[in-house]
């Protein structure tokens, strides 16, 4: 497993690298300070398992960097790190294909929880590949809980996971069933007979 951290601030880059190694000691973390170094790094260190991308770099800024990365690696999980409040860029980044948006100001515990949530969601996503099932057990659970009208916090408590993990699971679910909201997800689940009558 190789994770690429593309962040131009040295302390932030090293801190994220250490957080990732603490979460998965057996993986390789490749730290880059510019987007333009990515292709050479992948040629040297191998295919990516995940990306952590700073939203504002010296050679790419904002959503175009997210779009470019997702065009190159559409199936690879992508966490966007940003100094900007989530209200400024989160929606655009998620629309462009990012799996999660993390504000740098939240601190190391929250950043670590968000990255762990993305890894756990990706693990459960991979487990469903090749099984012939459209949705995983976790995704079916989410649909049932959404149908009950539960908030992310309530879903997290019910499933024994953190809110960041819930957000990632929901994002993956929405992408899997090609919807953009909870209401659309519930409508889809009813149409497919995935909810009790």
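The values are calculated or read from the model by the stated rules, or taken from the named source; none is laboratory data. Keep in mind that what you see is a predicted model, and the values were worked out from it rather than measured. Note: ideal-geometry Cβ built from the backbone for every residue, glycine included; neighbour counts use all protein chains shown.
Quick check, is residue 186 touching a helix residue (DSSP H, G or I) at 6+ places or on another chain (Cβ under 6 Å) and over 20 Å from residue 116 (Cβ atoms)?
Answer is yes for this residue.
Working carefully through the options 181, 124, 136, find the one that is outside the structural domain of residue 81 (by TED's automatic domain parsing), modelled with pLDDT under 85 and exposed (fewer than 12 other Cβ atoms within 10 Å of the Cβ).
Numbers: 124 fails: exposed (fewer than 12 other Cβ atoms within 10 Å of the Cβ); 136 fails: exposed (fewer than 12 other Cβ atoms within 10 Å of the Cβ).
Testing whether each residue is outside the structural domain of residue 81 (by TED's automatic domain parsing), modelled with pLDDT under 85 and exposed (fewer than 12 other Cβ atoms within 10 Å of the Cβ) leaves just 181.
Starting from residues that are within 15 Å of residue 116 (Cα to Cα) and assigned to a helix (DSSP H, G or I), keep the ones in the range 133-169 and report whichever is farthest from the chain's Cα centre (by Cα).
Restricting to residues being within 15 Å of residue 116 (Cα to Cα) and assigned to a helix (DSSP H, G or I), the top hit is 156.
Which one is nearest to residue 4 (Cα to Cα), of the residues in the range 76-92 that are in contact (Cβ under 8 Å) with a residue 12 or more places away in the chain and either in a helix (DSSP H, G or I) or over 12 Å from the mean Cα position of the chain (by Cα) (or both)?
For the range 76-92, the residue satisfying everything is 82.
Within the range 19-46, restricting attention to residues that are touching a residue at least 40 places away in the same chain (Cβ under 8 Å) and in contact with a strand residue (DSSP E or B) (Cβ under 7 Å, 6 or more places away or on another chain), which residue is nearest to residue 103 (Cα to Cα)?
Among them, the one singled out is 20.
Within the range 53-75, identify whether any single residue is part of a strand (DSSP E or B), buried (at least 19 other Cβ atoms within 10 Å of the Cβ) and in contact (Cβ under 8 Å) with a residue 60 or more places away in the chain, and answer yes or no.
no
Is there a residue being in contact with a strand residue (DSSP E or B) (Cβ under 6 Å, 6 or more places away or on another chain) and touching a residue at least 60 places away in the same chain (Cβ under 8 Å) anywhere in the range 2-17?
Yes, some residue in the range 2-17 is in contact with a strand residue (DSSP E or B) (Cβ under 6 Å, 6 or more places away or on another chain) and touching a residue at least 60 places away in the same chain (Cβ under 8 Å).
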